[in-house]
Amino acid sequence: MPRPVRFNIHAVKADQKDNISLANMPEGHVGEGFFATSLSKAVGLARKNSIWPLPFATSCCGIEFMATMASHYDLARFGAERLGFSPRQCDLLMVMGTIAKKMGPPLKQVYLQMAEPRWVIAVGACASSGGIFDSYSVLQGIDQIIPVDVYVPGCPPRPEAILDGFMRIQDLVGQESVRRRNSEQYKALLQSYGIQ
Ligand code: SF4
C-alpha cells in the first residue's frame, strides 16, 4: 500500500511569515531621527552582505560546497546566492580541492582577472597546505601563488566549517577600510606574489 503524500506538515504560523531578520547596523552615532557612521562602515555593511563567490572546485571539497549551497545549509542566507563563473563579476574566490602544480597558473590567472576588492578562501587541507598529497605534482598550499584571507581546515571540511569560514570573510569585508586596496602594505603584499 503506497504511503500517503503529506504536504505542509509544519505549517508556518501567520505571525512568522513576516519575521525577516535584518543585517546588524554598523557602529555609529544614533540620535533622534538620525544615524551617522563612517563611509567605510557603510560600504562594508553593503559588501559583506552581497558577496558574489567564484567556486574554483577541483575535487572532493567541491562536493561539500555543493551541500553548502543546497537547501539544508543554504549559503544564500548570507547574501551570497549568486555564484559566478566569470572572474570579472565576482569578489570572493573559493578554492576547494587539490591544486596540482599545473593548475597553479590558471588559478592565478583567474585571481588576476577578478577586480578589486577581492578576497580568497582556501577550503580544506589540500587548498590550504597540499593536504595528504605531499608529492612532486601538488601545490603545497595556494598561498604559494596568491594571497589567502581565510583558511578552512578539514579533509573534507563539513558545510558548517565552510559557512564558518564564509562568516570570517564577512567579518573581514565588513571591517575593511575603503582605502586598504590603495595602501602601501597591500601593494607590498601583491608585489611579494609578483603581482603589480
Ligand atoms: S582536503 Fe580532503 S576532501 Fe578536500 S580535496 Fe583534499 S583530499 Fe579531498
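Read-outs throughout are calculated quantities, based only on the coordinates presented, and are distinct from any laboratory measurement. All figures in this text were calculated on a predicted structure; none of them were measured in a lab. Cβ sites come from the backbone with ideal geometry, for glycine too, and all protein chains shown count toward neighbours.
Pairs of Cα atoms nearer than 8 Å and 6+ residues apart set the relative contact order; for the stretch 53-192 it is 24 percent. Along the stretch 128-139 the Karplus relation, 6.51 cos²θ - 1.76 cosθ + 1.60 evaluated at θ = phi - 60°, assigns HN-Hα couplings of 7, 8, x, x, 6, 8, 7, 10, 5, 9, 10, 5 Hz to successive residues, with x for each Gly and Pro. For the stretch 53-192, what proportion of DSSP beta bridges, expressed in % and rounded to the nearest 5, is antiparallel? The antiparallel fraction comes to roughly 5 percent.
Pairs of lysine in the chain with Cα under 24 Å and at least 8 positions apart or on different chains: total? Spell out each step's value before the answer.
Values: LYS41/LYS187; LYS48/LYS108; LYS48/LYS187; LYS108/LYS187.
Lysine pairs meeting the criterion: 4.
Going by average Cβ neighbours within 10 Å, how do the peptides 166-172, 69-75 rank, with the highest at the top?
On the way: 166-172: 17.0, 69-75: 13.7.
The peptides rank, most packed first, as 166-172, 69-75.
Calculated FRET efficiency, ASN182 to ALA76, Cβ-Cβ distance, R0 = 35 Å: about 0.65 to the nearest 0.05. From its DSSP helices (H runs of at least four residues, each -39,500 (n - 2.57)), the chain gives a residue-normalised ellipticity at 222 nm of -9500 deg cm²/dmol. In whole percents, the pair-distance distribution calculated for the stretch 53-192 from its alpha-carbon pairs, binned every 10 Å from zero, is 12, 44, 35, 9, 0.
Spacing of the modelled spin labels on GLN144 and LEU189, each 7 Å from Cα toward Cβ, amounts to 2.2 nm. Sorted on the mean count of surrounding Cβ atoms within 10 Å across their residues, most packed first, peptides 53-64, 180-191, 123-134 read 123-134, 53-64, 180-191.
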